[in-house]
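Notes to accompany the following structure.
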Amino acid sequence: MSYQIWQPTEILRPYVRHLAISHAEVPGIYTVLPDTSLVVGFQFSGRISHIAENVELSLDVSGVTGLLDQYRVFKNAPDTSSVLIVFTETGAANFLVKPLHELFGQSLSLEHFFNRSDINQTREKLEAARNDKERFRIVESFLLRQLKELKADQMVAGALHHIYQSKGTIRITKLAELLHTSPSPLEKRFRAIVGASPKKFAGIVRARHVLAALNNDDQDTAEYLSAFYDQAHFIKEFKKFSSMTPEQYLRMVRQNQK
């Protein structure tokens, strides 16, 4: 599978981390780990399915996936290609009208959010495009038509800063205290704009820092972050996030480094 990244046009950069095109010539099954971005996808060839508990569910060819707190398994048909829109933490709220926490753990058709005719026309243009550069431009045009610029929420921006600064270890009561508010209004505003509660988002950030520490063979950081769980809870949460235990993951990393 190939994955080509494209930086969006300047007006979209506050909202879109990057665009990407994935190509898979042969059928395959792959695992996607949770991240801090909502993702919109336009498939312009092939099909993708989600596999859960040995049940295969075909995804809509134009859809959006909310934030996740556990890994997901996908299956692609032969010759499957998609354009992906990877939003910044607060970017998707400027395009999608529903409170974004309703998307948590879900993959839904874009028809829940945008005009069906516009979606279909965009897909038809993607299928007819001569190259990937044209496809990126087509998706940028689609986004620019949907953009509804919201006033930045400074409380949410501050919460994101403290969560990242603490590597996801900050307590929500402490976070609210630093922002001179109480947990309830902070959670309501954060969930609506980011797509998860501050606690769940911090958990994703913390887990990704644990993975990064293991990938870099940084045992001190990994042990520091894992100390925010009891050992049994840490192993359970790590497996839920990455599909394997910490020992299995570290073994895989070391094998890949040989």
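Summary of values
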item: Most fluctuating residue given options TYR164, TYR224, TYR71, as computed from a GNM of the chain linking Cα atoms under 10 Å; result: TYR224
item: Listed residues PHE228, PHE201, PHE104, most fluctuating in the chain (Gaussian network, C-alpha, under 10 Å); result: PHE228
item: Likely footprinting exposure, LYS167, LYS98, fewest C-beta neighbours within 10 Å first; result: LYS98, LYS167
item: Convex hull projection area averaged over all views, segment 2-146, Cα basis, nm²; result: 8.1
item: Least to most buried among LYS188, LYS239, LYS151, LYS200 (fewest other Cβ within 10 Å first); result: LYS151, LYS188, LYS239, LYS200
item: Between segment 107-152 and segment 201-258, the Cα center-to-center distance that results, in Å; result: 36
item: q = 0.13, 0.17 Å⁻¹, the chain: log10 I(q)/I(0) [Debye, one scatterer per Cα]; result: -0.92, -1.40
item: Residue order, fewest to most beta carbons within 10 Å, for GLU56, GLU140; result: GLU56, GLU140
item: More than 19 angstrom apart: percent of Cα pairs within segment 157-210; result: 14
item: Per residue, the convex hull volume that the Cα atoms of segment 154-257 enclose (Å³); result: 103
item: Choice from ASN120, ASN76, ASN131 with maximal GNM fluctuation in the chain (Cα, 10 Å cutoff); result: ASN131
item: Calculated over segment 71-194: convex hull of Cα atoms, volume per residue (Å³); result: 143
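Bear in mind that the values in this text are calculations on the coordinates, not laboratory data. Not measured: the values here are computed from a predicted model. Reconstructed Cβ throughout: ideal geometry from the backbone, glycine too, with neighbour counts over all protein chains shown.
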